[in-house]
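Here the structure is laid out as structure tokens; the discussion comes afterwards.
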Amino acid sequence: MKTLAYAAQKAGAELATFSIDRREPSETDVVIDILFCGICHSDLHQLKDEWGGATFPMVPGHEIVGRVKHAGKAVTKFKTGDLVGVGCMVDSCRACRQCDEHHEQFCEKGCAYTYNGTAMDRTTRTFGGYSKQVVVTESFVLRIPDSLDPASAAPLLCAGVTTWSPLRQWGCKKGDRVGVVGLGGLGHMAVKLAASMGAEVTMLSTSTAKEADARRLGATEFAVTRDPNTFKRLAGTFDLLIDTISAEHDVAAHLGLLKPFGTMVLLGVPPKPSAIGAFSLIGGNKRLVGSLIGGIKETQEMLDYCGKHGIVSDVEVIAMKDANASFERMLKGDVRYRFVLDLSTLT
Ligand code: NAP
Ligand code: ZN
Ligand code: ZN
């Protein structure tokens, strides 16, 4: 099945139209007409091969929302016309302990990422949502609540679940002091979700430019990380820190902001490692942890929660021809707060 897509032919190359093959749908597959796809900073890291091992041609995109065009005979959860989503994974072994425990992202055989990866046959390459159609096995398709705007819901498939998962894992609750570091796609979802759980949210950003937005999104305090005084003023005040910064920064300095027994979660994946002295963790029994997206079950729980509470992403919907320019803006931190591609403009 030929599908029109936007692809980069090599690392650092601009995206341009490209024809890809999607598999013929099996009985358990869902064929989705893609309406919208969010642009995650991970798309940019991988397009530039900043993490190593990227494969080209690459069609990025793992924040996919669309309508079911066709559901295979054995599909039970979806029918033609349903509003559905696909996130960072399109399959896993579905038999190992991690899969049994709904942590498909840690499948012992290695999950099938939506793009820049392979299907479980480890041969067929995967292509993402910067394309007109995708074929996905029904177990990895998510229901999008009808109450949510499809374009604004797309970023929930990665930015939403990536921030939801650690907030739940680390027990974010009413009255907790949560600091969100970096106000981009992930950061703005972290602020919305933590505030909806009753936390007192402080936004830590590089400048004051986004202060009014941070307060509108639900933060009650705002601090500038380029001001060294911030690290003195807020030392020892947070139960939980959610670090979404995409570039090199001083992780150890941020650990100083935690209360004893506090937890700092790394979500951002800067290409270079960060140095952390043992004392910055030992002084106060602090935890420095990571978190990778979320499993399929918790992604559906997050979507249902967002449907119930009316939570979506703040998006700037753009045409395909503006995708390359949006990467430049993303690098400058000029995103309010997620670019979303309108696939009807891909012709
Ligand atoms: P984004 O929209 O570009 O936001 C990143 C934010 O980081 C910027 O808005 C900026 O916030 C801050 N920032 C950028 N450069 C900085 C610098 N040099 N120093 C300090 N702050 C800086 O990116 P995103 O899509 O939210 O993704 C963020 C990171 O998470 C990326 O590395 C991405 O690959 C990663 N990610 C991880 C997972 C996971 O599963 N763990 C999932 C998705 C994405 P301010 O303007 O407020 O300063
Ligand atoms: Zn992502
Ligand atoms: Zn598995």
Item to complete: Return the residue satisfying two criteria in turn: it lies in region 92-111 and is acidic (Asp, Glu) and under 18 Å from Val161 (Cα atoms), and of such residues it is farthest from ligand 2 (Cβ to nearest atom).
Response: Glu101
Worksheet item: With respect to the numbered conditions (1) part of a loop (DSSP other than H, G, I, E, B); (2) touching a helix residue (DSSP H, G or I) at 6+ places or on another chain (Cβ under 6 Å); (3) of a type outside the set (S, T, N, Q), which one is the sole condition not fulfilled by Gly236?
Response: (2)
Worksheet entry | Inter-residue pairs, beta-carbon under 9 Å, first among the basic types (Lys, Arg) and in region 106-120, second modelled with pLDDT under 95 and surrounded by fewer than 15 Cβ atoms within 10 Å (Cβ to Cβ), 6+ apart | none
Worksheet item: Asp121: modelled with pLDDT of 95 or more and closer than 29 Å to His309 by Cβ, yes or no?
Response: no
Discussion item. Can you list the helices (runs of 4 or more DSSP H) lying wholly within region 257-347 that have 1 or more residues being more than 26 Å from Val178 (Cβ to Cβ)?
Written reply: 323-331
Item to complete: Go through region 1-25 and give me each residue that's loosely packed, with under 14 Cβ neighbours inside 10 Å, of a type in the set (D, E, K, R) and closer than 21 Å to Val90 by Cα.
Response: Lys2, Asp21, Arg23, Glu24
Practice prompt. Tell me which residues, restricted to region 26-38, are buried (at least 17 other Cβ atoms within 10 Å of the Cβ) and out of contact with any Lys or Arg (no Cβ under 7 Å at 6 or more places or on another chain).
Written response: Asp29, Val30, Phe36, Cys37
Worksheet item: Could you list, in sequence order, the residues of region 47-78 that are within 16 Å of ligand 1 (Cβ to nearest atom) and surrounded by fewer than 24 Cβ atoms within 10 Å (Cβ to Cβ)?
Response: Leu47, Lys48, Asp49, Glu50, Trp51, Gly52, Gly53, Ala54
Discussion item. If a residue counts only when it is more than 20 Å from the chain's Cα centre (by Cα), which strands (runs of 3 or more DSSP E) contained entirely in region 1-112 have at least 1 such residues?
Written reply: 2-7, 16-21, 29-38, 64-71
Item to complete: State all residues of region 161-194 that are of a type in the set (Gly, Ala, Ser) and either in a loop (DSSP other than H, G, I, E, B) or in the same structural domain as Leu341 (by TED's automatic domain parsing) (or both); if no residue qualifies, say none.
Response: Gly171, Gly175, Gly182, Gly184
Worksheet item: Which ones in region 213-259 are aliphatic (A, V, I, L, M), under 17 Å from His188 (Cα atoms) and away from ligand 1 (no atom under 14 Å from the Cβ)?
Response: Leu240
Item to complete: Starting from region 91-102, take each residue that is within 25 Å of Arg23 (Cα to Cα) and list its partners that are within 6 Å of ligand 3 (Cβ to nearest atom) and among the small types (Gly, Ala, Ser), counting only C-beta distances under 8 angstrom and pairs at least six apart or across chains.
Response: Cys99/Ser92
Practice prompt. Return yes when Met58 is within 16 Å of ligand 3 (Cβ to nearest atom) and outside the structural domain of Leu193 (by TED's automatic domain parsing) and no when it is not.
Written response: no
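Residues checked against (1) within 13 Å of ligand 1 (Cβ to nearest atom); (2) among the hydrophobic types (A, V, I, L, M, F, W, C); (3) more than 21 Å from Pro60 (Cα to Cα):
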position: Val90; (1), (2), (3): no, yes, no
position: Asn116; (1), (2), (3): yes, no, no
position: Arg168; (1), (2), (3): no, no, yes
position: Lys173; (1), (2), (3): no, no, yes
Discussion item. Taking the condition of being touching a Ser or Thr at 6+ places or on another chain (Cβ under 9 Å), β-branched (Val, Ile, Thr) and away from ligand 2 (no atom under 13 Å from the Cβ), how many residues in region 32-53 meet it?
Written reply: 1
Worksheet item: Quick one: Ala212 ticks every box in (1) free of Cβ contacts under 8 Å to residues at least 12 places away in the same chain; (2) assigned to a strand (DSSP E or B) bar one, so which box is it?
Response: (2)
Practice prompt. Could you tell me which of the residues Thr202, Thr137 is among the polar types (S, T, N, Q) and out of contact with any Phe, Trp or Tyr (no Cβ under 9 Å at 6 or more places or on another chain)?
Written response: Thr137
Discussion item. Name the residue that is nearest to Val269 (Cα to Cα), counting only residues in region 280-300 that are buried (at least 17 other Cβ atoms within 10 Å of the Cβ) and without any contact (Cβ under 8 Å) to a residue 40 or more places away in the chain.
Written reply: Leu288
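The values are calculated or read from the model by the stated rules, or taken from the named source; none is laboratory data. The model shown is predicted, which means the values in this text are computed figures rather than measured ones. Cβ sites come from the backbone with ideal geometry, for glycine too, and all protein chains shown count toward neighbours.
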